Amino acid sequence: MFLKRLIIGALDTNCYLVGCKKKRKAIVIDPGAEEEVDTIVNILQGNNFKLKYIINTHGHIDHIAGNRELKSKTLAGILIHKLDAEMLVDANKNLSSFLNQEICSPPADKFLEEGDEITFGLLKLKIIHTPGHTPGGISLILNDIIFTGDTLFAEGIGRTDLPGGSYIDIQKSIKEKLLILGDDKIIYPGHGPSSTIGEERRRNIAN
């Protein structure tokens, strides 16, 4: 498996490139800055990967801003949970308007739900619905890795004071869907450093 993290945009969003080395198929998780799309494409091309999917862990601007340009250059499908789908195409809902910008993504090519599996090459992601930061927030399990978006951070949790946020929901998502996983599961969050489920069970403010 190929895995690369890029820290992009004004809010230092973690964008992840994940590829199957045998079949040369890849996904990009949260391309949150249009100006970084050429870098993403160059990495994909340099490793001879064909991009199959663009996956958004949620619909905030710092996680979707590169969708349009990346889709234009690769023809990859855009995937997001159905409860955040309107955020892709509405500058007020994705919060770009609050930054005095009007940035929208193309609409989703497929809506994701709890339990869905996304296959690229020989790799398979499992979707976990983890609302709280947004209604349609998701986490993605891939073998011993989990991409947690803005739900669970190293020693922190996502904001719940933005439109659609819920402290009750994010606590439930973290405690009932993430911290129940094995200690050695590595978390790759939407911002900040990686951690493990075991570390977060011991040290996170949510627990």
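Relative contact order, percent, of segment 70-176 when contacts are C-alpha pairs under 8 Å separated by at least 6 residues?
20 percent
In nm, give the distance between the simple-model label positions of Ala91 and Glu117, each being 7 Å from the Cα along the Cα-to-Cβ direction.
With each label point 7 Å from Cα toward Cβ, the separation is 4.2 nm.
Quote the charge dipole size of the chain about the Cα centre in Debye, to the nearest 20; the model charges only the Cβ of Lys and Arg (+1) and of Asp and Glu (-1).
940 debye
Looking at the chain as a GNM with Cα springs under 10 Å, which of Tyr167, Tyr53, Tyr16 has the largest mean-square fluctuation?
Tyr167
Fully extended, how many nm does the chain gain between Gln171 and Asp38 (0.36 nm per residue separation, minus their Cα-Cα distance)?
Contour length minus the Cα-Cα distance gives 44.2 nm.
Considering Cα pairs under 8 angstrom that are at least six residues apart, work out the relative contact order of the chain and quote it in whole percent.
Computed over the chain, the figure is 15 percent.
Stokes-Einstein diffusion coefficient for the chain at 4 °C in a medium of 1.567 mPa s, Rh from the Kirkwood formula over Cα pairs: what value in µm²/s?
D = 78 µm²/s.
Provide the net charge surrounding Leu178, with neighbours chosen by a C-beta distance below 10 Å and charges set as Lys +1, Arg +1, Asp -1, Glu -1.
Residues near Leu178 contribute +2 overall.
Considering only Thr13, Ser139, Leu99, whose Cα is most displaced toward the positive end of the charge dipole of the chain, charges sitting on Cβ of Lys, Arg (+1) and Asp, Glu (-1)?
Farthest along the dipole direction, towards plus: Ser139.
Taking H placed 1.01 Å from N in the peptide plane, check which residues at least 5 places from Ser166 or on another chain put their amide H under 5 Å from its amide H.
Here Gly132, His133 satisfy the definition.
Over segment 1-119, what is the relative contact order in whole percent, taking alpha-carbon pairs under 8 Å and six or more residues apart?
19 percent
Quick one: dipole size for segment 88-184, taken about the Cα centre, charges +1 on Lys/Arg Cβ and -1 on Asp/Glu Cβ, in debye to the nearest 20.
About 100 debye.
Arranged by the count of other C-beta atoms within 10 angstrom, fewest first, what order do His58, His191 take?
His191, His58
Every number in this text was worked out from the coordinates using simple rules, so none of it is lab data. Predicted model, so just to flag it, every value in this text is computed and none were measured. For neighbour counting, all protein chains shown are included, and Cβ atoms are generated from backbone atoms with ideal geometry for every residue, glycine included.
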